[in-house]
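I have placed the structure first, in the form of structure tokens, so that the comments after it can refer back to it.
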Amino acid sequence: MESLLIVVVLFVILGFGLALVRTRSNATRRELHGRDAPVLDGTDAGLHQPADEASSRWRDDGTPESEAVLADEPAPPTAKEEEPKTAKVQEPEILATHPASISSSLSRSRGPFASLFSRLRSDAGVDPEEWTRLEETLILSDMGPTLAGEIVTELKRQLGKSPSAEALRGALVALLESKFCEGPRQLQFSPNAKPSVVLVVGVNGTGKTTTIGKVASLLMREGRSVMIAAGDTFRAAATEQVGVWASLTGVEVVSGQPGADPASVIFDTIEHARAVGSDVVLCDTAGRLQTKTNLMEELKKIRRVAAKSSGEVTEVLLVIDATTGQNGLRQAEVFHGAAEVTGIVLTKLDGSAKGGVALAIESEFGLPIKLVGLGEGLNDLAPFDPKAFVAALVGEETDV
């Protein structure tokens, strides 16, 4: 009887042991298949199938079918097989946006003007208090106190002290338009020398590299062959960032070693572009504060070296963040002195309530705004149209 009891106890212990081993084995398999599988490079089923097929592989319990069939998936692809995916980094996010308009981008700036004209509409004329409010509105739009005062003084001279709201709006629009530079705003290219060289300068964070990607896309759509010089050799991942934009447009990027002389990288790129027959070289430069004398001297060197190359420097574009307001005036002054700026690219206009800085820059320095950034997409870079800009800033006649 005791022997039988011992046998029964042994069978029970053996059964518990087998169950414990099976449980731990299943847990390990789920851990390997469920947690570690997604980080394996290229083994996720969704990466090797069309999007519609991958998205349909879900089980009834709500979990991805790939977890159940992972063991049957093919071995991870070699590095050679993965190369085509490199160019698709961030492509869905960058290309998904739709081009914005200047009118929609300046909707926040238009609010104060619309409110002002709405108050004036029911009045017999403009009293001294409303003239003060108009000047304040112009200042708040980032035109600056000097320019705002000049505009109000000129309007009083033209209209008298008590014009109607309609007359005031019409005269304001005409006066603002007259403050912008005359002449062509298109990017300039050499009719004879190849390549045309475009230097892109500005302080950190203004969107220089993003602007280069957008300009490259714009020129490629016009049928020009483009090359990019990765002259920002100091900022971490700057070359990689410009490479992402270049991959989206099929543009070649020439770069140097980290910490290399930027002027040397740009010179070598121009010579290479000439050898292969590229039309345009877009030159990225390190962002620098306009208050740093040594960095501005380096920018002067880049300008001199580029001018000595086999190409021709046809544009020096200063990228200014519209949200920086009056600080953009100081940037324009210093960069123009160092690099002989030929035009302005005004970025982040879609996030600014102060578009009036565009008029302040042109009025004070005579530097034309050539392009405006209206979003993050490749196509969100528009030629600058002063009339459309003023109409968007002040509002349509129906707002009066």
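The values are calculated or read from the model by the stated rules, or taken from the named source; none is laboratory data. This structure is a prediction, so every number in the text was calculated from the model and none was measured. When we count neighbours, we look across all protein chains shown, and the Cβ atoms used for this are built from the backbone with ideal geometry, even at glycine. Ligands, DNA and RNA are stripped out before the accessible areas are found, and what is left, the full protein with its side chains, is counted by its heavy atoms. Shrake-Rupley method; radii C 1.70, N 1.55, O 1.52, S 1.80 Å.
Structure summary
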| quantity | calculated |
| --- | --- |
| Filtered residues of region 223-239 (kept if of a type in the set (A, V, I, L, M) and closer than 14 Å to Val254 by Cβ) | Val226, Met227, Ile228, Ala229, Ala230, Ala238 |
| Test set (1) assigned to a loop (DSSP other than H, G, I, E, B); (2) farther than 14 Å from Asp279 by Cα; (3) basic (Lys, Arg) - Arg224 fails condition number | (2) |
| Qualifying positions in region 357-393 - among the small types (Gly, Ala, Ser) and closer than 24 Å to Ala216 by Cα | Ala358, Gly373, Gly375, Gly377, Ala382 |
| Residue match in region 158-168 (condition: surrounded by 21 or more Cβ atoms within 10 Å (Cβ to Cβ) and in contact with a helix residue (DSSP H, G or I) (Cβ under 9 Å, 6 or more places away or on another chain)) | yes |
| Scan of region 305-333 for residues that are closer than 25 Å to Leu140 by Cβ, open to solvent by less than 30 Å² (accessible area, probe 1.4 Å) and of a type in the set (Val, Ile, Thr), ordered by number | Val319, Ile320 |
| Flag for Gly205 being assigned to a loop (DSSP other than H, G, I, E, B) and under 20 Å from Leu349 (Cα atoms) | yes |
| Unmet requirement for Gly256, which otherwise passes all of (1) touching a helix residue (DSSP H, G or I) at 6+ places or on another chain (Cβ under 6 Å); (2) in a loop (DSSP other than H, G, I, E, B); (3) within 27 Å of Gly328 (Cβ to Cβ) | (3) |
| Matching residues, region 136-192, being under 24 Å from Phe384 (Cα atoms) and of a type in the set (Gly, Ala, Ser) | Ser141, Gly144, Ala148, Gly170, Ala171, Ala174, Ser178, Gly183, Ser190 |
| Residue ID - nearest to the chain's Cα centre (by Cα), chosen from residues in region 223-271 that are open to solvent by 30 Å² or more (accessible area, probe 1.4 Å) and among the charged types (D, E, K, R) | Glu240 |
| Cβ pairs under 7 Å, 6+ apart, first in region 152-165 and modelled with pLDDT under 95, second open to solvent by 80 Å² or more (accessible area, probe 1.4 Å) | Ala165/Arg121 |
| Restricting region 169-188 to residues that are open to solvent by 30 Å² or more (accessible area, probe 1.4 Å) and in a helix (DSSP H, G or I), the residue that is farthest from Ala382 (Cα to Cα) | Gly170 |
| Subset of region 217-245 (residues that are without any contact (Cβ under 8 Å) to a residue 40 or more places away in the chain and closer than 23 Å to Ser190 by Cα) | Met220, Arg221, Glu222, Gly223 |
| Qualifying position, being of a type in the set (A, V, I, L, M, F, W, C) and more than 29 Å from Leu176 (Cα to Cα), among Ala358, Ala260, Ala339, Ala322 | Ala260 |
| Failed item, numbered, when Leu248 is tested on (1) in a helix (DSSP H, G or I); (2) at pLDDT below 90; (3) within 30 Å of Arg330 (Cβ to Cβ) | (3) |
| Ala339 more than 25 Å from Leu175 (Cβ to Cβ) and in contact with a helix residue (DSSP H, G or I) (Cβ under 9 Å, 6 or more places away or on another chain) | yes |
| Test: residue in region 189-203 that is small (Gly, Ala, Ser), crowded, with 23+ Cβ neighbours inside 10 Å and farther than 17 Å from Leu299 by Cα | yes |
